[in-house]
Structure formats: structure tokens, C-alpha cells
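Working notes for the structure below.
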Amino acid sequence: KRKIQVGDKMSGRHGNKGTVSVVIPEEDMPFLPDGTPVDIMLSPMGVPSRMNIGQVLELHLGMAARKLGIHVATPVFDGARDSDIWDAVKEAGMPSDGKYILYDGRTGEPFDKKIAVGVMHYLK
């Protein structure tokens with residue numbers, strides 16, 4: 001299994017795709033208040049340009065499922081409803097907007113704005 005490198009093509013399941021622009025050491029990556037580092041950072045411009053809010057909903061449902069210790073399967077045209085997702089977010093004790101304060105891995109300082117963080121399947 002080859003490590004990810006600059007130029008690798010990646011895609012999610014919602015038409016969101018792109019190439020790796022930089023690889024940063026794990027200790028320099030932003031991290032959650034509990035110390036968990038972020039694996040991948042995506043440009044927020046990828047959501048409106050592709051009009052695929054499904055990728056953001058997958059983030060929230062994926063994070064809720066991880067916190068609840070459950071697995072979720074959502075068929076393509078019969079997936080989770082918005083109400084199901086937000087109920088799971090609430091049950092998992094997540095922030096109601098699904099956004100977290102992240103800390104800069106290099107300085108330890110919090111970023112100015114809360115950021116959507118979650119679990120998403122991404123393919124290389």
C-alpha cells in the first residue's frame with residue numbers, strides 16, 4: 001500500500017473530487033479538543049461548486065455513527081432523511097450545527113471559526 005503523495009487523485013461518493021495539493025505531518029494537522037487530528041482537509045469551495053450537500057450530510061451522520069458506535073448504510077435513492085441525520089447528531093451529543101473548534105497543530109491556538117468535521121469515505 002503506497003502512502004499518499006502530492007498529485008494523487010481522490011474522490012468521495014458525491015461527485016467531490018480533487019488532487020492532493022500538500023502532505024502535512026500528522027503533528028502539524030489541525031486537531032479536535034480531545035487531541036484527535038484531522039486526516040484530510042477539503043476546500044469548502046467544493047460544496048457550492050458541485051451543489052452536493054450530501055457530502056456535508058455524510059460528514060455529520062458519519063461522525064454521529066462513530067460516536068454512537070453504530071454502522072449506517074444509506075442506499076443511493078433511499079438514504080437517511082435530514083431529520084434522521086439531525087436526530088443522530090443530537091443523540092451523539094454533537095454540536096447542533098456539526099461544527100467544532102479546531103486547533104492549529106503547529107501553534108496549538110484555536111482557529112477563529114468553527115469548522116465542519118466528520119467521517120466521510122474517501123477513495124484514492
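The values are calculated or read from the model by the stated rules, or taken from the named source; none is laboratory data. Everything numeric here is computed off the predicted structure, so don't read it as measured data. Positions of Cβ are generated from backbone atoms using ideal geometry, with glycine treated the same way; all protein chains shown enter the neighbour counts.
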Those residues of segment 5-44 which are modelled with pLDDT of 90 or more and in contact with a Phe, Trp or Tyr (Cβ under 8 Å, 6 or more places away or on another chain) amount to MET10, SER11, PRO30, PHE31, LEU32, PRO33, PRO37, VAL38, ILE40
In the set LYS67, LYS90, the lone residue that is surrounded by 15 or more Cβ atoms within 10 Å (Cβ to Cβ), among the basic types (Lys, Arg) and in a helix (DSSP H, G or I) is LYS67
Among residues of segment 45-87 being under 12 Å from the mean Cα position of the chain (by Cα) and small (Gly, Ala, Ser), the residue modelled with the lowest pLDDT is GLY54
Answer with yes or no whether ILE101 is farther than 16 Å from HIS14 by Cβ and of a type in the set (Val, Ile, Thr).
-> yes
Criterion first (outside any loop (DSSP other than H, G, I, E, B), without any contact (Cβ under 8 Å) to a residue 60 or more places away in the chain and not polar (S, T, N, Q)) does LEU61 satisfy it?
yes
Looking across segment 93-124 at residues that are in a loop (DSSP other than H, G, I, E, B) and among the hydroxyl-bearing types (Ser, Thr, Tyr), the single one that is nearest to the chain's Cα centre (by Cα) is TYR122
* For VAL72, indicate whether it is of a type in the set (Val, Ile, Thr) and part of a helix (DSSP H, G or I). => no
